[in-house]
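Accompanying notes for the structure given below.
Read the figures in this text as sums done on the coordinates, not as results from a lab. Worth saying up front: this structure is predicted, and the values here are computed from it rather than measured. Heads up, the Cβs are rebuilt from the backbone with ideal geometry, glycines too, and the neighbour counts pull from every protein chain shown.
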């Protein structure tokens, strides 16, 4: 009788059944998702669920997103390998690790010090030295390192934060969920000079973006 699948086998299964089967087509994204050990970014008690088709709690009322959602949002950035990327909402560090595999340099912002420290430890353990973790209000972005070729936000905002749009390079892309506790839409913003356009994509469900350009505890539940 065959035993349980190894983590490597579970990753391959995740890529084929949850990603490729749902039209994730970017070869580099599929390769990254099949390489980065997702089980290292979840609590040890949840490692048997690390490659399951759903989110998992990681502490501080935050979650590690469903693998498909991570792959979809990153695929929408159209990364080719030489980009400087900003991530808002480090969480466990998993998406930052995928971005680090795909881009030249990644800055990732997390407001919870405990999550930032844990993520930085795991990223260092994986020798992803092109990923830089900072503990700060992610809704404000990181103006001292701007402009960014791509920005990805892993929490729901009331609208696309103007400060993040301003930190996009010409031709840059911002991916984020927009909406409240009743549900959100994934949006893709593009910058062309001083003009910004966006598309409304699929429905998603994220925790709220907290901070100066995010939700406060009263308005989120309306």
Exercise. Quick one: would you say residue 179 is surrounded by fewer than 19 Cβ atoms within 10 Å (Cβ to Cβ) and part of a strand (DSSP E or B)?
Worked result: no
Exercise. When the residues of the stretch 133-160 are filtered to those that are closer than 22 Å to residue 204 by Cβ and assigned to a helix (DSSP H, G or I), which remaining residue is farthest from the chain's Cα centre (by Cα)?
Worked result: 139
Exercise. Among the residues of the stretch 196-222, which ones are loosely packed, with under 12 Cβ neighbours inside 10 Å and part of a strand (DSSP E or B)?
Worked result: 197, 199, 200, 202, 203
Exercise. Can you name every residue in the stretch 16-28 that is assigned to a helix (DSSP H, G or I) and either without any contact (Cβ under 8 Å) to a residue 12 or more places away in the chain or over 24 Å from residue 62 (Cα atoms) (or both)?
Worked result: 16, 17, 20, 21, 22, 27, 28
For this session: Could you tell me whether residue 163 is assigned to a helix (DSSP H, G or I), in contact with a helix residue (DSSP H, G or I) (Cβ under 7 Å, 6 or more places away or on another chain) and surrounded by fewer than 18 Cβ atoms within 10 Å (Cβ to Cβ)?
Result: yes
For this session: Evaluate the stretch 135-149: report whether one residue or more is surrounded by fewer than 18 Cβ atoms within 10 Å (Cβ to Cβ), in contact with a strand residue (DSSP E or B) (Cβ under 7 Å, 6 or more places away or on another chain) and more than 20 Å from residue 77 (Cα to Cα).
Result: yes
Seminar exercise, completed: Inside the stretch 184-195, the number of residues satisfying the requirement of being assigned to a strand (DSSP E or B) and out of contact with any strand residue (DSSP E or B) (no Cβ under 6 Å at 6 or more places or on another chain) is 2
Exercise. Within the set of pairs 6+ apart or on separate chains, which have a first residue in the stretch 112-141 that is without any contact (Cβ under 8 Å) to a residue 24 or more places away in the chain, a second that is surrounded by fewer than 19 Cβ atoms within 10 Å (Cβ to Cβ), and C-beta atoms under 6 Å apart?
Worked result: 113/135
For this session: Given the conditions (1) surrounded by fewer than 18 Cβ atoms within 10 Å (Cβ to Cβ); (2) on the phi < 0 side of the Ramachandran plot; (3) part of a strand (DSSP E or B), report the number of the one that residue 173 does not fulfil.
Result: (1)
